[in-house]
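Step one of this worksheet: look at the structure below.
The values are calculated or read from the model by the stated rules, or taken from the named source; none is laboratory data. This is a predicted model, so every value here is computed, not measured. Cβ coordinates were reconstructed from backbone atoms using ideal geometry, including for glycine residues, and neighbour counts include every protein chain displayed. Each accessible area value is taken on the protein alone, full model and side chains, heavy atoms only, with ligands, DNA and RNA left out. Shrake-Rupley method; radii C 1.70, N 1.55, O 1.52, S 1.80 Å.
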Number of protein chains: 2
Amino acid sequence: MTRDNKNSDRSEANNIGFIGLGSMGSRMAAHLCARGYRVRGHDVRAEARAAFEKEGGIWADAAKDAALGADFLVLMVVNVGQAEQLLFEAGVLDALPKESGVVLMATCPAADVERISKAVAKAGRSFVDAPVSGGVAGAASATLTIMAACANETFARAKPVLQAMGDKVHHVGSSPGQGALVKTINQLLCGVHLAAAAEAVSLGAQADIDPQVLINIFSESSASSWMLRDRGSRMIAGEPQVTSAIDIFVKDLGIVLDAGQRLKAPTPLASIAQQMFLAVSGQGFGQVDDSQVVRAYRAMTSVSGR
Amino acid sequence: MTRDNKNSDRSEANNIGFIGLGSMGSRMAAHLCARGYRVRGHDVRAEARAAFEKEGGIWADAAKDAALGADFLVLMVVNVGQAEQLLFEAGVLDALPKESGVVLMATCPAADVERISKAVAKAGRSFVDAPVSGGVAGAASATLTIMAACANETFARAKPVLQAMGDKVHHVGSSPGQGALVKTINQLLCGVHLAAAAEAVSLGAQADIDPQVLINIFSESSASSWMLRDRGSRMIAGEPQVTSAIDIFVKDLGIVLDAGQRLKAPTPLASIAQQMFLAVSGQGFGQVDDSQVVRAYRAMTSVSGR
C-alpha cells in the first residue's frame, strides 16, 4: 500500500487530525498515512514526533493545530478527562471545521461518551463513538475490532477511515454511547471468563488435579474461552508477565456495574467477578497480572501455591 | 483403518466388553471394532444388535456375557445407577476376569465414581474413571476428549483402547473420581460462559443494541467462548433447536456445587449461574434449549422478546 492511492477505497475525507500517538495511536496513525491520508498529529510527549514524521505524518505543536482543516479528528487519548480537556478547554473543537467530525476511539464509559457527543453536536460537528479492541498487536497490524456508534450518514463517511485501522468495523447503533457500551460488555465477558477460569482450576486444586492439565484440556474443549487460552498458563505461573493488571478489571467491571445500574439491567455474574478482582487488589496485588485473580480463590481456601 | 491391523498401535488388550450401545456408545464401539479389537457388546435395547453386528461386534444377550474374557469392560451407560446395577447386581463384575479392568465412561459425580472404584478394587479388578466430552459428533469421528484417572500401570494398558475412541486422551490423575471431577469442572465453565453470554446480550438489549451484532463481535474478540460461539445465535432465536436442555445445566451445575461443598471449595460464579438456569426451569422451560438461560435475564427486566 502506498501513499499514491489517495482516491481509492475511501471516502472524500482526506485530512485527518490525530491526537494521542501512544503505543496504539502511533500505529493507527501510521496506517492512515500508509493509506494516503494527510494526517496532522499531536501528542503531549514531544518525543512522539520523530516516529510519526517518519511514517509520513505532519506534526502539530499544539493540539488544536491537529484539528485545522481536518475532515475527521481522531482522539486516541488515555481517558475521558483528556478527551474533554482537549475538545472543550484546549480549543480543539473550535479549531475543527464546522462540517467535520470527532472520532473518539479511547475507551470511555458510555454515559461520558453520551455527554461529550451532545456537546459536540451542539457545536455543530458530527461525532463517532468508536472504541477499539485488539490491543497494541491489533493496532500494529490494522486488525483492530472497532465498535462504532453514530448516525448512518456519518458512519458512511467515517467507515473507510476506520477500515484503515481495523479489519472488523461494526456499526453497532446510531446513538453515541452504544459503541462504548459494547466495549464495556466485551469487558464484562472477559472479566467473568477470567474469574471462571480461576474458579475452575481452584476447584480442581482441592482434589489435587494439576492445573496445567486442566488448562490444556479446557483450552480445546467446550469449556474454552479466549481468556482461558490466553491467560491460563500465566494463572499458574509463579511470577507471570503483566500484560494487563488486576486493577484494570476492578475498574472495567466497575464500569460494567455502573452501566447496568444506569440501564437498570442486573449483572450478577459481573458483580461476583468484580469482587474477586477487588479481593486480590485488597491483598495488595492490584498491579500484578490479571490472571492472578486466582489469588482470591486461593486465599478463600488457604491453599498456598496452587 | 481396517480390521487387519490387530497388532499395531495398541496394548496387549485384545478383548473388550462394551455395555451401553446408545447414540454415543454404538459409535465408540464401532471404532474399537475398526481398530481390530474383539468387542462383545450389550445394550438393554435389543434393537441395538443389528447395527453393532454390522460393525463387526459380537452381541451378548445378557449384560454379564459381555464381560466374559474381556481385558477391559467399558460402561457407556446413562447414569451411575445403571453402572452400579450392572456391576454389582447383574453379575457383570463377577463375570469379568480377575486381571481385567472396568472403564467407566458415563458421566457420573466424582463421589459416586470413588465409591464404585473402591468396590471394584475390593473385588480385585482394576478401574479406569474415564468420562468423555465431545458428544455424538466426537464419538462418531473418534475425536472425543477423554479424561482418565487411574493408576499409572492401568493407564498404560488402557491408553490404546481409549485412543481408539478419542484423539485427546488425558491422564488427569491416579485416583478414580478425578476424571469425573474434571468433567464436572468442564461443565462449570460451560454453564458460567453460557449465563455470561446471556448477561451480556441482555445488558446490550437495555440500550437497544442488536443482540446479533453483539454475538458477531464477541465471537471473534477477546470476549469469545466456545459456548457463546456455539449457542449465541440460538440464544436470540424464537424457537431454537434443543441440543441440550436447561435442566441438564440445572443438574450439572448442581453436581459442581455438590463437588465444591464436598471439597470445601467455594464456586460463587457457578452458584449464580445455576440460579439463572433454575429460574428458567421454574418458568416452566426446563426442556427448552440451554441457550434460553437468557429468559432469566429477560424476566428480571421484563423486556419481552429481546
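Taking (1) without any contact (Cβ under 8 Å) to a residue 24 or more places away in the chain; (2) on the phi > 0 side of the Ramachandran plot; (3) open to solvent by less than 40 Å² (accessible area, probe 1.4 Å) in turn, residue A:264 satisfies each apart from (3). In this entry, residue B:172 passes the filter for residues that are more than 15 Å from residue B:75 (Cβ to Cβ), among the β-branched types (Val, Ile, Thr) and surrounded by 19 or more Cβ atoms within 10 Å (Cβ to Cβ).
Do we find that residue B:208 is open to solvent by 30 Å² or more (accessible area, probe 1.4 Å) and at positive phi in this structure? In short, yes. Yes or no: residue B:191 at positive phi and open to solvent by less than 10 Å² (accessible area, probe 1.4 Å)? No: the conditions fail for residue B:191.
Checked against the criterion of being of a type outside the set (A, V, I, L, M) and out of contact with any Asp or Glu (no Cβ under 9 Å at 6 or more places or on another chain), the candidates A:124, A:135, A:101 yield just one match: A:135. Tallying residues that are of a type outside the set (Val, Ile, Thr), in a helix (DSSP H, G or I) and touching a strand residue (DSSP E or B) at 6+ places or on another chain (Cβ under 8 Å) within segment B:153-180 yields 9. Might you let me know whether segment B:129-150 holds any residue that is touching a strand residue (DSSP E or B) at 6+ places or on another chain (Cβ under 6 Å), open to solvent by 20 Å² or more (accessible area, probe 1.4 Å) and small (Gly, Ala, Ser)? Yes, segment B:129-150 contains at least one residue that is touching a strand residue (DSSP E or B) at 6+ places or on another chain (Cβ under 6 Å), open to solvent by 20 Å² or more (accessible area, probe 1.4 Å) and small (Gly, Ala, Ser).
Please pick out the residue among B:161, B:169 that is more than 10 Å from chain A (Cβ to nearest Cβ), touching a Lys or Arg at 6+ places or on another chain (Cβ under 9 Å), of a type in the set (Val, Ile, Thr) and touching a residue at least 40 places away in the same chain (Cβ under 8 Å). After applying the criteria, what remains is B:161.
In this structure, does residue B:11 turn out to be loosely packed, with under 15 Cβ neighbours inside 10 Å, within 19 Å of residue B:154 (Cβ to Cβ) and either of a type outside the set (Lys, Arg) or modelled with pLDDT of 95 or more (or both)? Against the criterion (loosely packed, with under 15 Cβ neighbours inside 10 Å, within 19 Å of residue B:154 (Cβ to Cβ) and either of a type outside the set (Lys, Arg) or modelled with pLDDT of 95 or more (or both)), residue B:11 qualifies.
Table: residues versus (1) within 11 Å of another protein chain (Cβ to nearest Cβ); (2) closer than 23 Å to residue A:231 by Cα.
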residue: B:231; (1), (2): yes, no
residue: B:234; (1), (2): no, no
residue: B:240; (1), (2): no, no
residue: B:244; (1), (2): yes, no
residue: B:251; (1), (2): no, no
residue: B:263; (1), (2): yes, no
residue: B:269; (1), (2): yes, yes
residue: B:275; (1), (2): yes, no
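Within the set A:36, A:56, the sole residue that is over 20 Å from residue A:128 (Cα atoms) and in contact with a Ser or Thr (Cβ under 8 Å, 6 or more places away or on another chain) turns out to be A:36.
Checked against the criterion of being within 30 Å of residue B:281 (Cα to Cα) and among the basic types (Lys, Arg), the candidates B:183, B:159, B:168 yield just one match: B:183. For segment A:247-306, a tally of residues being among the β-branched types (Val, Ile, Thr) and not in a helix (DSSP H, G or I) returns 3.
The residue that is surrounded by the most Cβ atoms within 10 Å (Cβ to Cβ), counting only those in segment A:239-261 that are farther than 18 Å from residue B:208 by Cβ and among the small types (Gly, Ala, Ser), is A:245. Checking each residue in segment A:211-231 for being crowded, with 24+ Cβ neighbours inside 10 Å and touching a residue at least 40 places away in the same chain (Cβ under 8 Å) picks out only A:231. The set of residues in segment A:188-221 being facing chain B (nearest Cβ under 8 Å) and of a type outside the set (A, V, I, L, M) consists of A:190, A:193, A:199, A:202, A:204, A:206, A:208, A:210, A:216, A:218, A:220, A:221.
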